[in-house]
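The values are calculated or read from the model by the stated rules, or taken from the named source; none is laboratory data. Owing to the predicted nature of the structure, the values given are computational and were not obtained by experimental measurement. Positions of Cβ are generated from backbone atoms using ideal geometry, with glycine treated the same way; all protein chains shown enter the neighbour counts.
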Amino acid sequence: MQQVLIVRDKKYEQHLEGVPHLESPKRIKAMNAVLQDPSLEGRLQFVEAREAAYEELAWVHTVEYIDRVAQSAGKRLTSFDFDTQATEKSYDVARLCVGGVFSLLDEIRKGRGKRGFACIRPPGHHAEPDRAMGFCLFNNIALAAEYLKRVHSVRRIMIVDIDLHHGNGTQKAFYLRNDVLFVSMHHFPSYPGTGNLGEVGSGRGEGYTVNIPLSKGQGDADFARLIYFVVNPLAQAYQPEIILVSCGFDLYLYDRLGTMRVTPDGYGLITFFLLAVAEKVCDGRIAFVMEGGYSLRGIRECGLRLMQELCEESHVDPKSIDRVLGSSPAKIGAVAKMREIHKKYWSVFR
């Protein structure tokens, strides 16, 4: 059994240090505590993070925007919008986030492991090419996809966003392209208000953005069904060489910003089905990148179930798997609408 590759760094706690904020250093401390759990002992291989270079950030972000974030360095507090701030060391920490994901992907591409988790902050999927948004400074996962393409010559990448909120920045980065398939399942119309069914991509990218806007109150089996009935057939049709997961823990039923009802066992179930897809289409290569989640208990409990699945220390009830396999996508209204829209692009939905 290969060990699970992990990126973590004490410096990730330095962003917004000493500033009251929902996106607190306590979040990364909670996930780091998960990595010390006895059930994971001997199953993790830690990867050293590096800082992303300025030129690498410019693969997704404008130089004007990068400079604006860089100018926050050394300043006690810089606000980019109502939600998104930086402190003295945030610019360097955000570069270390991006570079940490790069380091993780290097190890996967070298064959030192197939599965990885980037235990990083600040999150990234709301960051657009020219603006900070939703606690995010640089778009970690969009930059990860660019890194795979430019450095490792990966031709097809699938990004699956399981954060409560729509990854508007990731969508914007690839909306006109067909070399990255972006699939997002999220509460709608929550922040940031994007991610409706009709947002399908444009030009060469038409059909390569797949949004599943959900009403509040969806639970464990609902999200597992989305992986099985939507992500799975899309992945088989697209045949990505690797799957990247924007992993928010804010689907948790007691999350402070949450509207969903996913339990820690549900995170194990979701992870089970994502791993099954990766095994089927890309020889198991999959990397989870930490995004949102604002309950420390939720991060600890959901994070542990996710990590146990990655480490093949499963706590998933086989009956819950059988219930998903024996159910129907019609259980979730948005799926039928999504299939109707996307059947012109993907024969698996006809």
message = Can you tell me which residue is nearest to Asn178 (Cα to Cα) among those in region 336-348 that are modelled with pLDDT of 95 or more and among the hydrophobic types (A, V, I, L, M, F, W, C)?
response = Trp346
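Determine which member of the set Leu257, Leu306, Leu244 is hydrophobic (A, V, I, L, M, F, W, C) and at pLDDT below 95. Spell out the reasoning first.
Numbers: Leu306 fails: at pLDDT below 95; Leu244 fails: at pLDDT below 95.
Among Leu257, Leu306, Leu244, only Leu257 is hydrophobic (A, V, I, L, M, F, W, C) and at pLDDT below 95.
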task = Under 6 Å between Cβ atoms, at least 6 apart or on separate chains: pull out the pairs that start in region 178-194 with a residue that is more than 13 Å from Ala334 (Cβ to Cβ) and end on any residue that is in a strand (DSSP E or B) and among the polar types (S, T, N, Q).
result = Phe182/Thr209
ask   = If the Cβ limit is 8 Å and pairs must be 6+ apart or interchain, which residue in region 299-319 that is of a type in the set (Asp, Glu) pairs with which residue that is part of a helix (DSSP H, G or I) and surrounded by 15 or more Cβ atoms within 10 Å (Cβ to Cβ)?
value = Glu301/Pro264; Glu309/Gly268; Glu309/Thr271; Glu309/Phe272; Glu309/Leu275; Glu313/Leu40; Asp317/Asp265
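Hey, among the residues in region 323-339 that are among the basic types (Lys, Arg) and out of contact with any Phe, Trp or Tyr (no Cβ under 8 Å at 6 or more places or on another chain), which one's nearest to Tyr208 (Cα to Cα)?
Kept after step one, since they are among the basic types (Lys, Arg), are these residues of region 323-339: 323, 331, 337, 339.
Add one more test, that the residue is out of contact with any Phe, Trp or Tyr (no Cβ under 8 Å at 6 or more places or on another chain), and what stays is 323, 331, 337.
Details: Arg323: 29, Lys331: 24, Lys337: 16 Å.
Restricting to residues being among the basic types (Lys, Arg) and out of contact with any Phe, Trp or Tyr (no Cβ under 8 Å at 6 or more places or on another chain), the top hit is Lys337.
Just checking, how many residues over region 209-229 are under 17 Å from the mean Cα position of the chain (by Cα) and either assigned to a helix (DSSP H, G or I) or under 16 Å from Lys344 (Cα atoms) (or both)?
Kept after step one, since they are under 17 Å from the mean Cα position of the chain (by Cα), are these residues of region 209-229: 209-213, 223-224, 226-227.
Right, trim to either assigned to a helix (DSSP H, G or I) or under 16 Å from Lys344 (Cα atoms) (or both) and you get 209-211, 223-224, 226-227.
Number satisfying all stated conditions: 7.
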task = Please go through region 89-114 and pick out each residue that is surrounded by 24 or more Cβ atoms within 10 Å (Cβ to Cβ) and farther than 23 Å from Glu55 by Cβ.
result = none
key: Criterion violated by Ile243 - all others in (1) under 16 Å from the mean Cα position of the chain (by Cα); (2) assigned to a helix (DSSP H, G or I); (3) among the aliphatic types (A, V, I, L, M) satisfied   = (2)
ask   = Quick one: would you say Gln45 is surrounded by 13 or more Cβ atoms within 10 Å (Cβ to Cβ), out of contact with any Ser or Thr (no Cβ under 7 Å at 6 or more places or on another chain), of a type in the set (S, T, N, Q) and part of a loop (DSSP other than H, G, I, E, B)?
value = no
inquiry  = If Lys29 satisfies all but one of (1) within 29 Å of Lys172 (Cα to Cα); (2) of a type in the set (Lys, Arg); (3) in a helix (DSSP H, G or I), what's the number of the condition it fails?
reply    = (1)
request  = Check whether at least one residue in region 113-123 is farther than 28 Å from Cys282 by Cβ and either in contact with a Pro (Cβ under 8 Å, 6 or more places away or on another chain) or not in a loop (DSSP other than H, G, I, E, B) (or both), and report yes or no.
outcome  = no
remark   = Condition set surrounded by fewer than 24 Cβ atoms within 10 Å (Cβ to Cβ) and of a type in the set (D, E, K, R), scope region 163-198, selection nearest to the chain's Cα centre (by Cα): answer is Lys172
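Here is a check on your reading of the model: is Val316 buried (at least 16 other Cβ atoms within 10 Å of the Cβ) and out of contact with any Ser or Thr (no Cβ under 9 Å at 6 or more places or on another chain)?
Values: buried (at least 16 other Cβ atoms within 10 Å of the Cβ): yes; out of contact with any Ser or Thr (no Cβ under 9 Å at 6 or more places or on another chain): no.
No.
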request  = Could you tell me whether any residue of region 50-68 is acidic (Asp, Glu), surrounded by 14 or more Cβ atoms within 10 Å (Cβ to Cβ) and part of a loop (DSSP other than H, G, I, E, B)?
outcome  = yes
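Considering only residues that are of a type in the set (A, V, I, L, M, F, W, C) and buried (at least 18 other Cβ atoms within 10 Å of the Cβ), which ones fall in region 1-34? So that I can check it myself, show each step before the final result.
Kept after step one, since they are of a type in the set (A, V, I, L, M, F, W, C), are these residues of region 1-34: 1, 4-7, 16, 19, 22, 28, 30-31, 33-34.
Those that are of a type in the set (A, V, I, L, M, F, W, C) and buried (at least 18 other Cβ atoms within 10 Å of the Cβ): Val4, Leu5, Ile6, Val7, Leu16, Ile28, Ala30, Met31, Val34.
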ask   = So is Arg323 surrounded by fewer than 17 Cβ atoms within 10 Å (Cβ to Cβ), charged (D, E, K, R), in contact with a helix residue (DSSP H, G or I) (Cβ under 9 Å, 6 or more places away or on another chain) and modelled with pLDDT of 95 or more or not?
value = yes
